[in-house]
Structure formats: C-alpha cells, structure tokens
1. Between region D:42-87 and region B:40-108, what is the separation of their alpha carbon centroids in Å?
2. If you put +1 on each Lys and Arg Cβ and -1 on each Asp and Glu Cβ, how big is the dipole of chain A around its Cα centre, in Debye rounded to 20?
3. Which residue in D is nearest the D/B rotation axis when you measure from the C-beta atom, and what is the distance in Å?
4. What size of dipole, in debye to the nearest 20, comes out for region B:63-130 about its Cα centre when the only charges are +1 on Lys and Arg C-beta atoms and -1 on Asp and Glu C-beta atoms?
5. Across bins of 5 angstrom width beginning at 0, how are the C-alpha pair distances of region B:2-70 distributed, in whole percent?
6. How far apart are the residue A:69 label points across copies, placing each 7 Å from Cα toward Cβ, in nm, shortest first?
7. Roughly how crowded by other chains is peptide C:96-105, in terms of the mean Cβ count from those chains within 10 Å of each of its Cβ atoms?
8. Suppose you put the label 7 Å out from Cα in the Cβ direction; list, shortest first and in nm with one decimal, how far residue A:129 is from each other copy's label.
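Derivation of every value follows stated rules applied to the coordinates shown; laboratory data play no part. All figures in this text were calculated on a predicted structure; none of them were measured in a lab. Please note: Cβ atoms are built from the backbone with ideal geometry, for glycine as well, and neighbour counts cover all protein chains shown.
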4 protein chains.
Amino acid sequence: MSQPGTPIGATTWVIADGYIPPTSTGPEPAMTSHDSVCMLNAGDVDANIELHIYLTDAEPLGPYRLQIGARRAFHQRFNDLDDPEPIPIDTDYCCVIRSSVPIVAQHTRLDSRQAANGLMTTIAHPVPDH
Amino acid sequence: MSQPGTPIGATTWVIADGYIPPTSTGPEPAMTSHDSVCMLNAGDVDANIELHIYLTDAEPLGPYRLQIGARRAFHQRFNDLDDPEPIPIDTDYCCVIRSSVPIVAQHTRLDSRQAANGLMTTIAHPVPDH
Amino acid sequence: MSQPGTPIGATTWVIADGYIPPTSTGPEPAMTSHDSVCMLNAGDVDANIELHIYLTDAEPLGPYRLQIGARRAFHQRFNDLDDPEPIPIDTDYCCVIRSSVPIVAQHTRLDSRQAANGLMTTIAHPVPDH
Amino acid sequence: MSQPGTPIGATTWVIADGYIPPTSTGPEPAMTSHDSVCMLNAGDVDANIELHIYLTDAEPLGPYRLQIGARRAFHQRFNDLDDPEPIPIDTDYCCVIRSSVPIVAQHTRLDSRQAANGLMTTIAHPVPDH
C-alpha cells in the first residue's frame, strides 16, 4: 500500500474531446456549461502545470500555466482560462497537460444547453514517463 | 483465463474529479445527487480500505476506513462518509483509495440538480504496485 | 500499425459499478433503463466468455456464458441475462468478464428513471495477462 | 516533462460501445444525436488513420480513411462517414482505429432521443505497440 505524500500518476496527460458548449440553462456559475480538467497533486512538492490546446485548423494555443500546491486538488474550467488568450467556445479541441511532478488528471463536461444537464467524465490518457 | 478467487486490480486508485452536488430533484435516496466509489474485491481475502480526500485549500481529510469482504462488491457514496468527518458538499475534491489487497475502483456521479438526472462514470486511475 | 484479424485486448476485464435501474421512462426496449457490457472480438477465433456477478452480501452469481464470433461486436444488456439466474435489479454489483481469447470491453448504462435519459460509459478495467 | 511536438499515444485504439441513436431532439447539427471519435495528433508528422467498424452479424466495414495534420485535433462523427458506405444507425458496433503515427482517441456520444440530451465519454482502449 503506497503512503500519503508519495507522488502519484504521470507527468503528461491527454484529453482528446475538448469542447465548451456555447449556451447554458440554469443558474450561473454552477449550471453554466463547462469543460474541466480536474487534477490531483498527491505529492509533497508543488506542481507547475502547462496546458497546450490543439485545434483543428490552426497551431496549438498556450502554454496556459497553473500551479498546484503539494497535497492539493485543483479543478480548472477551460472556460475560465484567458492567459495567453481565451479558449474559443463551440470549437473542437484537444488538450495536453504537462506537470513538473506526477499528477492525476480527469476530464469532465457539464452540458446544460438543453433543459436538464448532461454530464460526462473520463480519466485522461496518461503518457508513461521514459 | 484467470480463475475466480484470484485477486484482481491494484492497491492504489485515484479519482480526480470529486464533487457532491448540493441539491437534488426526485425521491430520496435513489435520486439524491451523489458521488460514489464502486469497488470489487475479487480475491479470497478481506480488503482493508483507506480513503484520503484532497481539497483545494486545506490539508487532506481522512483516512476514512472501509472493509470489503472476500469476493464482494461494495459501492460507497461519498455523501454518506462521516468518520472522521463529513466530506463537504458543493466542494471540489480528489480521492486516493488504498487497499490491503488488489481491488478495482470505478467513480460514478448522479447529478439531479436539474429536472432529469445526469450521470457520469469512469474507471478510476490505477497506480501500479512497485 | 496492427493488422485486421489480430486479437486485440485482454482476456479478463472488470466493471465495478454495476446497477440495473428499477424503472424507466419512454418506449421499450430502446429507452428501457439498462446496464450493458459491450465487447469486441477482433481476432479470427471465436471467443468463449464467462461473466461472474459479485454482490454486496452474497457469493458471486454465474458463470453466465456467451459466445462471440470471430471479427464480431457483441453488446449484452445485463438485464437480459437469465441463465443460470436473472441479475437482481436495483442492486449494487460488480462484474468480471473472462474470455478464451483477447477482447475489449466497455461498460455503459442508460438510466431513464427520470424524464430524460442519463448516460454513462467507461472502458472496463483490463487485467494484464501473465 | 515531454516536449510539444513529441508524438503521444498509441497507433491502435478500440471503442467497444458504438451506437448511433436513430432520433434527435433540438436544433441540428449541434443537438443531433451522434457518436464520435475525437483524436489528437500531437506529433510533427501527419497521421493516416483507418477505421474498421465491427458488427454483430456481418463482416467488418471499412477501412474508412482519415488524415490528421501534425499538431492537430480532429473530432469525427461516425454519423458523417460515408466512404466506403454509411455506418448503419440504431445498430450496435465496435470500432478499431489504426494510425500511421501515435495518436490519442476518445469516444463520446450525445443522445438527444429524449427531451434533454444525455452525454457519455471515455478514453478509448489503447493497444500497446510491440
């Protein structure tokens, strides 16, 4: 059994179905349609994260930089990223997540375009370290 | 082909998108919004489980202790854990699951904040044993 | 790049969050609430499948036996299994899938207890062959 | 930490629960029921993709050929494939995705047969290269 404080996961993760629905039903911000990456840094060292956003018809956007403290959860809506630039809504994208230390990443979308929200999630694809 | 009674899975698993929706629509407890970890102990030895809950702005909660008998399924709503303390609702978290023997873990959320329930699931992230 | 006819996947797979919702909204059988295992036998040899159903408070049920032809898809609703006995509805379970040849398995639930259906899916957990 | 431009993923991926719902609610094409494979080619070389569609009662369809540019996202609705032939709707299938270079693949369905859409997603099953 591994011990608390041990780093867990991988340093590169991929989300292939990125999409921010353009409309929403219900109270903001809870029911605003959103696409999120949820990350755990279980280790005892802060994680420096870089996200790159891949598009269908243009070069990748980014890096978007985040920091996650030691032993901390961090859930980031793609909707809320704006540095170096906002991620276009209603647009297909993919995301590569790179971290200075091992993390775990999960992709979740809440889609409230219609009257009741749809939800989807998957653990992202971990890339083995070499 | 492996045989019944063989331990299956890993001893450490991670859920990165933990969240208990704060409201519900429909009859309790079936349609109460909930976040769950569903586990299988396929082996012939009981499993002693420890959950740690990681938060955005504070040190991890836990351990929450569970026991799963040999050859048994166990589905646990995070909503129902209260020892050593309840998990805060409407709050982002991550969960690390550690077991004394190999298990398999799957994460599922039912969100009934709006009129029809949304559902999401993923096999949790297994951490290889060293 | 692998070639068509090559066996793909693993011979043991696990679903940890098994559950057949007890009620449904909408026309049968399409919108009947169901829990399914969807399998691919991509190889050139028929697959003999055995499912075991693990419960919270009793010994496992099964084996449930299925056969999947070479180069065939097979989507099985757990609701429809009745040999050696039906799987109880509104009851937590886990499922271990064992195959004579490598397959790929995915778990999907359609839950139409409320007015619009919820959907969830995950690739099942593959157990490496030794 | 891996570098941008590095190929990421695997050259063979599997989706086991393929299904195109036959009806839809809401404005086309956004809310049209669809089944999709979302792919990332993170490398610096174009990817040549072949999809084979496996059925329950007939030999596989395909190959369906796609090309994904270097450093590009590509989300493909199965509904929109028609060469060499359309994929039958309201029919169970599985899909094997093969690429000339490593990619990452994710499976997503939007089901709007009922009044509010259901959503499901999973990273597809990667087949290790030998």
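1. Each part's Cα centre sits 40 Å from the other's.
2. On the way: 7 positive and 16 negative charges, 103 e Å.
Result for chain A is approximately 500 debye, rounded to the nearest 20.
3. Result for the D and B rotation: D:116, 3.
4. Working: 7 positive and 8 negative charges, 74 e Å.
For region B:63-130, the charge dipole is close to 360 debye.
5. Whole-percent P(r) values from 0 Å outward: 3, 12, 18, 18, 16, 15, 11, 5, 1.
6. Distances between equivalent label points, in nm: 4.3, 4.3, 6.1.
7. On the way: counts 7, 0, 4, 1, 1, 1, 1, 3, 10, 4.
Mean shielding by partner chains, rounded to a whole number: 3.
8. Between copies, matching label points for residue A:129 lie 2.2, 2.2, 3.1 nm apart.
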